[in-house]
Amino acid sequence: MIGGLNLDSRRLPVQKRALPIVVTVLLAVATLTVVACAPKTPEERISQARGRYTARLNAFIVQETPVEPEPVAAEGEGGEAPAEPVAVTDEAGEEGEAMEEAPVETRTDVELDLLVQHDLDTALPGITLDVTMASPDGTEKASWKIYVETAGLPKANQKQVSYILEDVDYQEGDGFAAEIRHPVPPEERGEYREFAAAGG
């Protein structure tokens, strides 16, 4: 107090006027933040939803699958003539006819055991997983995009999916990994089924 004048009482009206201004500014900032974060297009909504999915590889099994031989065209139909029978002799010395057996061709297939989960209130119809195969030193050898249907999958529940990769150039020691790529660059969204369904 100076000369009988209370300085605090003179500041009080200024403080009362400043409080509504501060509140208004904070509300404006909050509104702008919500507007900026809200997805504006179907593609942006899909991208945001993909970010709330997770996927991982639970296990994989390498198996050799017999390759079905191509049918042999009959002689005179533009193909090679059927193989000639080979004469064989049994222990009694009697001759019979038998066909030469060609070795069975196989291809290497890999069965993936995948787990997919999300924390959305309503799941997407499906989600595209990026799967990669890498050598023991971490060098990527091949990649695939696998679409998994998730319509009706409850929030926080896992979906187990079995998927077979056919004719894989697998070598002992190679490994596999699965992920939900996020974000996907706009120029690559056409490779993802969920974006294509949204018109992206």
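The values are calculated or read from the model by the stated rules, or taken from the named source; none is laboratory data. No experiment lies behind these values; they were computed from the predicted model shown. Using ideal geometry, Cβ is built from the backbone for each residue, glycine included, and neighbour counts are taken over all protein chains shown. These area figures cover heavy atoms from the full protein model, side chains too; ligands, DNA and RNA do not enter into them. Shrake-Rupley method; radii C 1.70, N 1.55, O 1.52, S 1.80 Å.
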Examine the range 131-147 for a residue that is in contact with a Lys or Arg (Cβ under 8 Å, 6 or more places away or on another chain), of a type in the set (F, W, Y), at pLDDT 95 or above and surrounded by 10 or more Cβ atoms within 10 Å (Cβ to Cβ), and state whether such a residue exists.
yes
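Could you please let me know if T150 is touching a residue at least 12 places away in the same chain (Cβ under 8 Å), of a type in the set (V, I, T), farther than 30 Å from E68 by Cα and out of contact with any Phe, Trp or Tyr (no Cβ under 7 Å at 6 or more places or on another chain)? Outline the logic, then answer.
Values: touching a residue at least 12 places away in the same chain (Cβ under 8 Å): yes; of a type in the set (V, I, T): yes; farther than 30 Å from E68 by Cα: yes; out of contact with any Phe, Trp or Tyr (no Cβ under 7 Å at 6 or more places or on another chain): yes.
Criteria met by T150.
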Give all pairs with beta carbons closer than 9 Å in which a residue from the range 123-146 that is touching a residue at least 24 places away in the same chain (Cβ under 8 Å) and closer than 18 Å to Q160 by Cβ meets a residue that is among the hydroxyl-bearing types (S, T, Y) and outside any strand (DSSP E or B); count only pairs at least 6 apart in sequence or on separate chains.
A123/T150; L124/T150; G126/T150; I127/T150; I127/Y192; T128/Y192
Evaluate the range 53-66: report whether one residue or more is modelled with pLDDT under 95, closer than 26 Å to S162 by Cβ and aliphatic (A, V, I, L, M).
no
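In the set Q171, Q160, which member is open to solvent by 40 Å² or more (accessible area, probe 1.4 Å) and closer than 15 Å to L57 by Cβ?
Details: Q171 fails: closer than 15 Å to L57 by Cβ.
The unique qualifying residue is Q160.
Scan the range 89-110 for residues that are modelled with pLDDT of 90 or more and open to solvent by 60 Å² or more (accessible area, probe 1.4 Å) and report the count.
Of the residues in the range 89-110, the ones modelled with pLDDT of 90 or more are 105-110.
From what is left, the residues that are open to solvent by 60 Å² or more (accessible area, probe 1.4 Å) are 105-107.
Result for the range 89-110: 3.
Going through the range 184-199 one residue at a time, which ones are without any contact (Cβ under 8 Å) to a residue 40 or more places away in the chain and outside any helix (DSSP H, G or I)?
Within the range 184-199, the first condition is being without any contact (Cβ under 8 Å) to a residue 40 or more places away in the chain, and the residues that meet it are 185, 187-188, 190, 196.
Passing the criteria: only P185.
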Taking V86, is it at pLDDT 95 or above, open to solvent by less than 60 Å² (accessible area, probe 1.4 Å) and either out of contact with any helix residue (DSSP H, G or I) (no Cβ under 6 Å at 6 or more places or on another chain) or not hydroxyl-bearing (S, T, Y) (or both)?
no
In the list G138, G175, G152, which residue meets the criterion of being of a type outside the set (F, W, Y) and touching a strand residue (DSSP E or B) at 6+ places or on another chain (Cβ under 8 Å)?
G175
